[in-house]
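See structure below.
The values are calculated or read from the model by the stated rules, or taken from the named source; none is laboratory data. Fair warning: this is a prediction, and the values are worked out from it, not measured in the lab. A quick note on method: Cβ atoms are made from the backbone with ideal geometry, for glycine too, and the neighbour counts reach across all protein chains shown. Only protein heavy atoms, including side chains, enter the accessible area calculation; ligands, DNA and RNA are left aside. Shrake-Rupley method; radii C 1.70, N 1.55, O 1.52, S 1.80 Å.
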Amino acid sequence: MAGRVSSRLLNSLYRTDIIFKSKKFLFKRVVFLSRCDARALSSSSSSISAAHPTLSSHLAGKSYADLHELSVTDPETFWGSIAKERLAWTKPFDQVLDCDLPNGKVRWFLGGQLNVSVNCLDVHVAKDPDRVALIWEKDEPGTEERITYRELLEMTCRIANTLKSHGVQRGERVAIYLPVSPIAVAAMLACARIGAVHTVVFAGFSSEALAGRIQDAQCKFVITCNQGVRGGRVFNLKSTVDKAVKSCPSVRHVFVAKRTDNDVPMSKLDVPLEEVMARQSPVCDPEPMDSEDMLFMLYTSGSTGKPKGIVHTQAGYLLYTSLTHQVSVSSILYVVYGPLCNGATSVLFESTPVYPNPGRYWETVQRLRINQFYGAPTAIRLLLKYDESWVKKYDRSSLKTLAS
């Protein structure tokens, strides 16, 4: 029994074997990820084995117990061998780990340089450019859009060049206040491509909450859109940003995308994002980033006091999300960096669990043939208020895992 379990666990590290079919593409290990506001899904693609190396040829053949033991007793060998083969480096690292936990000093892959957007986009475009990177499940059921890795790379580069042309430099902070959408993912990757530090702010937060995060992170730039669409309703994002930046003198430009066709007032700070993007090159040279350079900042909800920001750096974070996304699914952060580093397909869910009815999740599972479902307790508690017939009326036979 132990041998069979170890073999199964190792297989989950080396390859995926759960199939999902769409009209044009073949995917594997389709995973539904949902945060407390039910905003995202994620899935893995069929070509992971082509674009995504195994755990490590150095570690191949070891049992799960041996791998666990090695990760504890010799983390430098374990993580170093994986990092060398799993990530694309512009400069190899010369030290795996510098760890002094009692003094809060932990650094990974010292001396190494890479670019996160290259690992999430370019390496897959080079091998399979027409693989789907994102499926945007918009507010209305059945209106999903598919974006390939090539299209996402071009979108990312156009945004990156737009940011650079308006003065965004390496190390500067950019606040992203967007609904779940392909342009939100591309904005994150664009910041990573040019070495800017981004902080994603939930698009439902108030102007005061947004302003506090802009101030704390010392953001000089904001990326938003005119309006958001959710649960059949249109809500104004640009007006919220306008109120926030009044108390944020550090902000130099606000880049405004369009989710709807409605016009919104524009000020001298504002830049029409798609209009400027259309004039930019779809090619942007990636900035080589040191392993311990900042990638992004993430803030707590603020429900228990002033929001607290944490920092994620480049290489260690990317390797961790890549490996844990393949082995297990957890956290909303795995909608972007983990799946895309692994050559997967992230399904971006714009709507709510109860629009147009409480069966929305399960209708999506049926239509997209989702294999693994990850949901937050808040969303599950919401759905428990409704009759289970909303679940049973849809075909859920594709589901292999439900997790929270």
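Annotations
- Flag if residue 301 is more than 21 Å from the chain's Cα centre (by Cα), at negative phi and open to solvent by 40 Å² or more (accessible area, probe 1.4 Å): no
- For residue 126, the stated conditions do not hold, so it cannot be described as closer than 26 Å to residue 191 by Cα, buried (at least 19 other Cβ atoms within 10 Å of the Cβ) and of a type in the set (A, V, I, L, M, F, W, C).
- Within region 182-196, residues that are at positive phi sit with their Cβ atoms under 6 Å from residues that are acidic (Asp, Glu), at 6+ positions apart or across chains, in these pairs: 195/287.
- Here residue 106 passes the criteria (1) open to solvent by 50 Å² or more (accessible area, probe 1.4 Å); (2) in a helix (DSSP H, G or I); (3) β-branched (Val, Ile, Thr) except the one numbered (2).
- Looking across region 142-168, the residues that are open to solvent by 50 Å² or more (accessible area, probe 1.4 Å) and assigned to a strand (DSSP E or B) come down to 145, 146.
- Scanning region 358-381 for residues that are of a type in the set (S, T, N, Q), open to solvent by 40 Å² or more (accessible area, probe 1.4 Å) and within 14 Å of residue 400 (Cα to Cα) yields one hit, 366.
- Hits in region 169-193 (condition: open to solvent by 10 Å² or more (accessible area, probe 1.4 Å) and hydrophobic (A, V, I, L, M, F, W, C)): 178, 180, 183, 184, 188
- Only one entry of 243, 306 meets the criterion of being of a type in the set (Lys, Arg) and either assigned to a helix (DSSP H, G or I) or within 22 Å of residue 195 (Cα to Cα) (or both), and that entry is 243.
- Failed condition for residue 237, given (1) touching a Gly at 6+ places or on another chain (Cβ under 6 Å); (2) open to solvent by 60 Å² or more (accessible area, probe 1.4 Å); (3) within 25 Å of residue 204 (Cα to Cα): (2)
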